[in-house]
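Data first, discussion second: the structure below is written as structure tokens.
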Amino acid sequence: MILSIDKLNAWYGKLQVLHDIDMHFNTGEIVSIIGPNGAGKSTVLKSIFNLIKKKGRIIYKNKNITKYTPQQIAKAGITYVPQGRSVFTDLTVHENIEIGAFIKPGNPWKDFKRVYTMFPNLKDLKNTRAGLLSGGEQQMTAIARALMLKPRVLLLDEPTLGLSPKVRTLIFDKIIEINKTGVTIIMVEQNAKRSLEISNRAYVLEICRNKYSGRGKQLLEDQRIKKLYLGGK
Amino acid sequence: MSYFANILVFICIYGILAISLNLTIGFAGIFNLTHAAFFGIGAYTSALLTLTGVPFWLSFICAFLIAAIFGFLISLPATRLKGIYLAIVTFGFAEIIIAVMKNWQGLTRGPLGLPGIPKASLFGFKFASTWEFFVLAAVVLIITYVIISKIVNSPFGRTMRAIRDDEIAAKALGKNVMKYKSYAMLIGAGFAGIAGSLFAHYITFIDPSSFTLTELILMLSMIVVGGIASVPGALLGAAILVILPEPLRFLYLPSSIVAAIRQMLFSGILIAMLLFKPNGILGERRLLLKKNAKSSWFIKKLWRG
């Protein structure tokens with residue numbers, strides 16, 4: 001078990017959005033967190049990364065990282081790709097990726113090579129400003145940038161939001177590829193069907209509470225999930 | 001022709017101010033309205049020290065240090081805020097500093113100002129004439145220009161721009177956002193302090209009215225005209241806004257009317273720039289504007305934070 005969440009409660013101002021969430025993630029897994037809008041999926045990731053007010057315990061590699069600042073968490077090996085193609089629009093693709101380097105000791109050139117072999121199309125776009133890229137290219141830049149930190153756990157917040165089906169497939173393929181290099185992936189997705197297909201396990205959130213969890217393929221067949229997404233009780 | 005030298009000296013002083021203001025507003029995205037007050041802190045520090053007999057070079061360095069310390073202190077509460085709130089806090093600080101200058105009469109003589117500040121002198125050489133002072137100011141401007149250009153193109157500067165573009169993403173990459181913002185304020189304030197020192201030793205008289213909102217708006221106009229997040233742009237903006245009102249001198253109008261016309265001229269330019277070229281003449285976002293030409297990042301930043 002690489003990361004576990006224990007009795008997590010989180011607030012936006014006075015509004016409590018997470019109630020006693022428990023989750024655990026094994027090394028090398030792809031885990032999806034799915035659920036309807038407003039269920040607090042993104043909030044789980046934000047609270048792992050300590051970006052909002054929270055209570056509870058987060059254990060990473062047997063260390064309590066609940067009180068770590070975001071930069072300490074990043075150094076420890078967890079990286080977060082925020083929602084909505086969060087590239088730095090004024091910097092070139094290469095500069096964007098470069099920002100990810102230099103936080104860890106060691107030679108960054110190897111990392112550049114590794115990242116560019118994984119995303120060969122970004123190499124051709126190296127000197128383009130990130131703001132001029134297409135949505136899919138921007139999302140890939142954001143993921144490539146996160147990979148420069150050599151994360152052990154990668155948190156992806158809606159990686160395929162607003163992308164065309166073709167590009168979505170491409171992004172999901174890349175996620176599997178990253179996972180094969182030994183990175184644990186925790187993914188929040190609107191597109192439940194596709195994300196369950198590639199996930200080992202999934203958690204389903206319904207209005208701030210942890211509802212069910214199960215194997216990805218199983219959940220896909222589960223009647224309760226279908227009902228939840230259709231809005232029934 | 002010391003008249004031209006005088007204009008050139010002012011271009012140098014305002015150039016330093018605009019370049020350093022651009023570092024905080026343009027590159028770091030901190031809506032810093034305390035800049036004119038840092039300019040004043042530098043001027044007062046340097047003037048007061050020199051009047052008690054400290055040599056010019058030392059008080060010049062002190063002007064940098066004291067202003068930088070104030071910049072750092074103000075950044076501590078200020079960088080935790082965003083957008084319009086940040087603007088209000090920094091503006092409030094500026095007003096406090098001006099109020100102290102006006103009311104701490106034992107130290108600053110209040111609104112009477114500090115007369116008789118000695119001209120700048122370095123290792124026994126006195127920069128007495130305007131041309132001689134211009135050489136000094138130009139050297140300081142060049143040093144400022146080179147240092148700030150180096151900073152913004154370094155990994156430090158890129159991270160600063162990254163934080164401006166997307167703070168959460170920068171945090172996710174393990175960057176200490178507060179640290180970068182504080183450093184940007186510290187460096188920006190320090191260079192404003194240097195400009196203040198040059199100003200005090202050039203004019204040889206300072207009073208609090210030289211560091212108020214009017215000055216700040218002038219500096220802001222310079223970077224809006226010249227180009228937000230562009231070092232040469234800031235210098236160009238400073239040159240344009242120093243030279244532009246000069247012809248008014250030869251119209252032989254009463255000084256009260258000239259002052260009003262000057263203000264109207266500045267606001268006219270500002271409105272025209274925001275309408276037709278929102279990122280300034282040499283602004284950084286030239287490429288992006290083609291795609292997203294409706295509104296400037298600068299305006300969005302101010303409103304949305």
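For the protein assembly as shown, the per residue solvent-accessible surface stands at 43 Å², with DNA, RNA and ligands left out and a 1.4 Å probe. Shielding of peptide A:42-53 by partners, expressed as the average count of other chain Cβ atoms within 10 Å per residue Cβ, is 1.
Go ahead and run the numbers for FRET between B:L73 and B:W131, Cβ-Cβ distance against an R0 of 51 Å, rounding to 0.05. According to the calculation, E is roughly 0.85. Counted by Cβ distance under 13 Å from A:L154, the other residues give a net charge of +2, where Lys and Arg count +1 and Asp and Glu count -1.
The dipole here belongs to the protein assembly as shown: it is taken about the Cα centre, uses +1 on the Cβ of Lys and Arg and -1 on the Cβ of Asp and Glu, and is about 1940 debye. Please say if the protein assembly as shown is rounded, prolate or oblate, where rounded means a/c under 1.5 for a ≥ b ≥ c the square roots of the C-alpha gyration tensor eigenvalues, and otherwise the choice is prolate for a/b larger than b/c and oblate otherwise? Prolate shape, in that a/c is at least 1.5 and a/b is the bigger ratio. Relative to the Cα centre, the charge distribution of the stretch B:2-212, modelled as +1 at Lys and Arg Cβ and -1 at Asp and Glu Cβ, gives a dipole magnitude of about 440 debye.
Ordered from highest to lowest accessible area with the whole protein assembly present and a 1.4 Å probe, A:H94, A:H24 read as A:H24, A:H94. Longest stretch of chain B clear of exposed loop sites (chymotrypsin sites (Phe, Trp or Tyr not before Pro), DSSP loop, at most 11 other Cβ atoms within 10 Å, sites excluded): B:124-251. In this simple spin-label approximation, B:S267 and A:T181 carry label points 7 Å from Cα along the Cα→Cβ vector, and these lie 5.7 nm apart.
Contact residues in the stretch A:85-100 by the 20 Å² criterion (accessible area, 1.4 Å probe, full protein complex versus chain alone): A:S86, A:F88, A:T89, A:D90, A:L91, A:E95, A:E98, A:I99.
Between B:N103 and B:I243, residue separation times 0.36 nm minus the direct Cα-Cα distance comes to 47.0 nm.
For A:K55 and A:M118, the difference between the fully extended length at 0.36 nm per residue and the C-alpha to C-alpha distance is 18.9 nm. Structure note, pairs B:K82/B:K119; A:K113/A:K166; B:K175/B:K277; A:K61/A:K113: Cα-Cα distances above 31 angstrom occur for B:K82/B:K119; B:K175/B:K277.
For the pair A:D173 and A:T27, the difference between a 0.36 nm per residue extended length and the Cα-Cα distance amounts to 50.6 nm. Bridging of A:K41 to aspartates and glutamates at a Cα separation below 15 Å is possible for A:D20, A:D22, A:D157, A:E158, A:E189, A:E206, once same-chain residues fewer than 8 apart are set aside.
When its C-alpha radius of gyration is set against 2.2 N^0.38 Å (N residues), chain A gives a value of 0.99. The modelled label-to-label distance for the pair B:I61/B:I217, using points 7 Å beyond Cα in the direction of Cβ, is 3.9 nm. Between B:I147 and A:Q83, the simple spin-label model (points 7 angstrom out along Cα→Cβ) gives 4.3 nm.
Within the listed set A:T184, A:T43, A:T128, the Gaussian network model of chain A (springs between alpha-carbon atoms below 10 Å) gives the highest mean-square fluctuation for A:T128. Within the shell defined by Cβ-Cβ distances under 13 Å, the residues around A:V167 carry a net charge of +3, with Lys and Arg each +1 and Asp and Glu each -1.
The values are calculated or read from the model by the stated rules, or taken from the named source; none is laboratory data. Since the structure is predicted, the reported quantities are computational estimates derived from the model, not experimental observations. Cβ: placed from backbone, ideal geometry, glycine included. Neighbour counts: every protein chain shown. Side chains are part of the model used for accessible areas, which takes the heavy atoms of the whole protein and leaves out ligands, DNA and RNA. Shrake-Rupley method; radii C 1.70, N 1.55, O 1.52, S 1.80 Å.
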